[in-house]
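Student: Input: one structure, supplied below.
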Amino acid sequence: MLNDPQLSHSNQTILLVDDHPGVLYSTSKILASHQYKVTTAKSAAEAMSQVKNQAFDLVVCDINMPGRSGLEFLNDLKQYDPTIASVVLTANGTVGMAIQAMKSGALGFVTKPFNEAELLESIQAALEQADLVRNSLQLEFYSPMLESLCSALLRTMEADDFATEGGSHIVARYAQDIANELGLPGEQMYQIYLAGLFHDIGKIGISDKIVRKAGPLTPEEQQEMTLHPELGSRIIEQAPGMTEAARIIRHHHERFDGSGYPDGLAGEAIPLGSRIVSVADVFDEMISTRIYSIGKSKEAALEELKSYKGTQFDPQVVDVALRLFEKLD
């Protein structure tokens, strides 16, 4: 859970970079009112000079600036000091821009015009992610992965209501618990967690009318919807260290009997991580109220999981999931 925005951040320093004086002024006031120590810069060159002369916990940077762009500055920053967290501000809230920001090391993505709550939430999340990286005993191994992943794409997706709020985190936790119960090694379990977190990110590339449709999809709409695992895989595989998570995402709608998509894989030909995320995803969908359905009771959802053993789902994964999910409140 994110920290309360009203808590003191008096020890946390932020460098705010934007060529627009009005944005610098208004954003500085917001951050200062929450006890962040704020320094401003109007260009990438001025910002890099500030970084070399002062320690910062976070850089909040506009993308479109005269001269060197915000993304170019963040690439320079990553080379100079990869421990500094960053959040980008942009009026271009597209998937492509989110990917570019992520590849430049951004830990947050805020689309203009933004409100105070959106800005503070993104900053707090970025600072927490950076702390995890800095404090990890396996910093060298995990830093590129966490630095690229962070939440930029996930926030873009949930900001547009492509998923129930927090739903992706719940699926990720369910998937991780199943993987742990199966005794999978730590790195494999971590990739499964990441895949659960981003399993539906490909829906960013699907028409809003289809994703948000309250009623049944037409055959044509259903066909378009089936593209989202491939789209999601292509998005995630661009981040360093995410190849296995991308493979899991691609196949999380395969079915154990071979009737799923996109490749019609069956049985153990489906990556184990995909078989796990599939069960976690469907269980969460069954018990959650969405725009197109009212959630079932836990008991009804468990019975439905049992009925799909060996057809939609891996029987072993279902058995483990049933033991875990029966304990849920």
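The values are calculated or read from the model by the stated rules, or taken from the named source; none is laboratory data. Bear in mind the structure is a predicted one, so any value in this text is a computation, not a measurement. Cβ sites come from the backbone with ideal geometry, for glycine too, and all protein chains shown count toward neighbours. Note: accessible area is taken over every heavy atom of the protein model, side chains too, but ligands, DNA and RNA are not part of it. Shrake-Rupley method; radii C 1.70, N 1.55, O 1.52, S 1.80 Å.
Student: Using alpha-carbon positions, what is the distance between the centroids of the stretch 294-317 and the stretch 210-234, in Å?
Tutor: Centre-to-centre distance over Cα atoms comes out at 22 Å.
Student: In addition: Which of the aspartates and glutamates could a cross-linker bridge to Lys42, judged by Cα under 13 Å and excluding same-chain residues fewer than eight apart?
Tutor: Excluding near neighbours in sequence, the set is Asp18, Asp19, Asp62.
Student: Follow-up. Once fully extended, how much extra length lies between Glu224 and Asp319, figured as 0.36 nm per residue of separation less the alpha-carbon to alpha-carbon distance?
Tutor: The span from Glu224 to Asp319 would gain 31.0 nm if fully extended.
Student: Carbon-plus-sulfur fraction of the accessible area of the stretch 73-129, 1.4 Å probe, in percent?
Tutor: Carbon and sulfur together cover 49 percent of it.
Student: Using the heavy atoms of the protein chains alone and a 1.4 angstrom probe, what is the accessible area of the stretch 228-329 per residue in square angstrom?
Tutor: Counting only protein heavy atoms, the per-residue value for the stretch 228-329 is 45 Å².
Student: So if each residue of separation counts as 0.36 nm, and I subtract the Cα-Cα distance between Glu46 and Gln238, what length gain in nm does that give?
Tutor: Stretched fully, the Glu46-Gln238 segment lengthens by 66.1 nm.
Student: Using a probe of 1.4 angstrom, how much of the accessible area of the stretch 238-329 is carbon and sulfur, in percent?
Tutor: Result for the stretch 238-329: 50 percent of the exposed heavy-atom area is carbon or sulfur.
Student: Need one number: nm distance between label points at Lys213 and Ala32, each 7 Å from Cα along Cα→Cβ, rounded to one decimal.
Tutor: It works out to 5.2 nm between the two label points.
Student: Further question on the same structure: Using the Cα centre of the stretch 213-329 as origin and beta-carbon charges of +1 (Lys, Arg) and -1 (Asp, Glu), tell me which of Gly264, Val318, Ser233 is placed farthest towards the positive end of the dipole.
Tutor: So the residue furthest toward the plus end is Val318.
Student: Run the dipole for the stretch 174-328 about the Cα centre, Lys and Arg Cβ at +1, Asp and Glu Cβ at -1, nothing else charged, and hand back the magnitude in debye, nearest 20.
Tutor: That gives a dipole near 320 debye.
Student: Now for a different question. Provide the per residue accessible area, probe 1.4 Å, for the stretch 8-101, rounded to a whole number of square angstrom.
Tutor: For the stretch 8-101, the solvent-accessible area averages 44 Å² per residue.
Student: May I ask you to list the residues of the stretch 25-48 whose amide nitrogen lies under 19 Å from a point 7 Å from Cα along the Cα→beta-carbon direction of Ala91?
Tutor: Of the residues in the stretch 25-48, 25-28, 42-44 have backbone N under 19 Å from the label point off Ala91.
Student: Where nothing but the Cβ of Lys and Arg (+1) and of Asp and Glu (-1) is charged, how large is the charge dipole of the stretch 31-85 around its Cα centre, in debye to the nearest 20?
Tutor: Using only the charged Cβ atoms, the result is roughly 80 debye.
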